[in-house]
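Nothing in this text is a laboratory measurement; each read-out follows from the coordinates by a stated rule. As the structure is a computational prediction, the values presented were derived from the model and not from experiment. In this analysis, Cβ positions are derived from the backbone assuming ideal geometry, glycine residues included, and neighbour counts consider all displayed protein chains.
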Amino acid sequence: MKDISDCLIIGDSSQVAAWLPENCDRISSREFDSSLVGDYRRIFVCFAEQRTFNNDFDFMGVNYDYTLDVINSVLPKCDDVVFYSTAMLWENLERYSITDNFCYNEDNKYLVSKEKITTELKSWPNVMIHYPCNFNSSHRKKGYLFSKLMDACKGTNVATGDLNFNREIVHASYVANKSYCSNSSEIIAPGFLTNIRTYFHDVLSHFSFHSQAISETISEHKNKTDSCHAIVDDYSYDDLLHDTCSDIQNIIDSEILYHD
């Protein structure tokens, strides 16, 4: 059996891929050709792991049909495959565990597609399913809330919706580290809620900016259940702040070097 370091990442531009060990081989998921893939100890299927809620998108085509085809084609070439589902499949439960039935808003086509492929893969041998909670990093696509936090930390005034809500969130590096060291299907989540407004303000304070850098549109509407994993992990709020601030600082430093 090959060493665990002998790994391949399919989806080289994904958030999780960016934080998996550098010694992993990487390949794009676009126009994927399994005949070009050698033998590996473990293959991480990382593409389509970033949640998005544009219901006009063909989620079944990518998240189900294409993903199943890719996994089926590489299973003979490795000991096991890691597939990323989402803990949001339990978003309507205040405390969830891996043995609970899924409970989510079925109007969300992204989550419908994730449930379908997750249910299918549960019966496949040599496939581990990881269920990360909400995660972000500098590798998150532009246009999402985390990118506004990054802009504010660079001194740009930004406008957001109401940030006074709670979410179970982690940095993408936590997801990658937990996933890489895992040998079974599992939920990857810290088991506590973070107030997003407090989180934004604490990160801004680290970069010596005041909360006034963000203009919120306050709303009285509470649109989601406060949901988190029933098991509390050893990942703390201080770890979340450290990982976030270190990530943003590295981006700021690299941009300074680029412009110099």
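Each DSSP beta bridge with both residues in the chain is either parallel or antiparallel, and the antiparallel ones are about 5%. Given their separation in residues at 0.36 nm each and the Cα-Cα distance between them, K154 and F57 gain 31.7 nm when the chain is fully extended. When the GluC sites (Glu not before Pro) in region 5-94 are filtered for DSSP coil states and for at most 15 other beta-carbon atoms within 10 Å of their beta-carbon, the remaining sites are E22, E31, E94. From the Kirkwood radius over Cα pairs of region 88-189, Stokes-Einstein at 10 °C and 1.306 mPa s returns a whole-number translational diffusion coefficient of 100 µm²/s.
Counting beta carbons within 10 Å around each of T118, T244, T225 and listing the fewest first gives the order T225, T118, T244.
On the principal axes of its alpha-carbon atoms, region 117-160 has extents of 50, 16, 14 Å, going from largest to smallest.
Note down the net charge around T99, summing +1 for each Lys or Arg and -1 for each Asp or Glu among other residues with Cβ under 14 Å from its Cβ. Show your work: numbers first, answer last.
Values: positive: R95, K122; negative: D100, E186.
Counting the neighbours of T99, the net charge comes to 0.
Tell me which lysines have Cα within less than 27 Å of K122's Cα, excluding those fewer than 8 residues away on the same chain? Cross-link targets: K2, K77, K109, K114, K178.
Projected over all directions and averaged, the alpha-carbon convex hull of region 7-255 occupies 13.6 nm². Here the residues F59, F146, F165, ranked from fewest to most Cβ neighbours within 10 Å of their Cβ, fall in the order F165, F59, F146.
The GluC sites (Glu not before Pro) found in region 106-179 that occupy coil by DSSP, while having at most 11 further C-beta atoms within 10 Å, are E106. Restricting region 177-240 to GluC sites (Glu not before Pro) that sit in a DSSP loop and have at most 10 other Cβ atoms within 10 Å of their own Cβ leaves E220.
In straight-distance terms, cross-link reach from K224 covers every one of the aspartates and glutamates whose alpha-carbon lies under 16 Å from its own, apart from those fewer than eight places away in the same chain; here that gives E91, E94, E106, D107, D162, E168.
Applying D = kT/(6 pi eta Rh) to region 21-142, where Rh is the Kirkwood radius over alpha-carbon pairs, T corresponds to 20 °C and eta to 1.002 mPa s, the Stokes-Einstein value obtained is 138 µm²/s.
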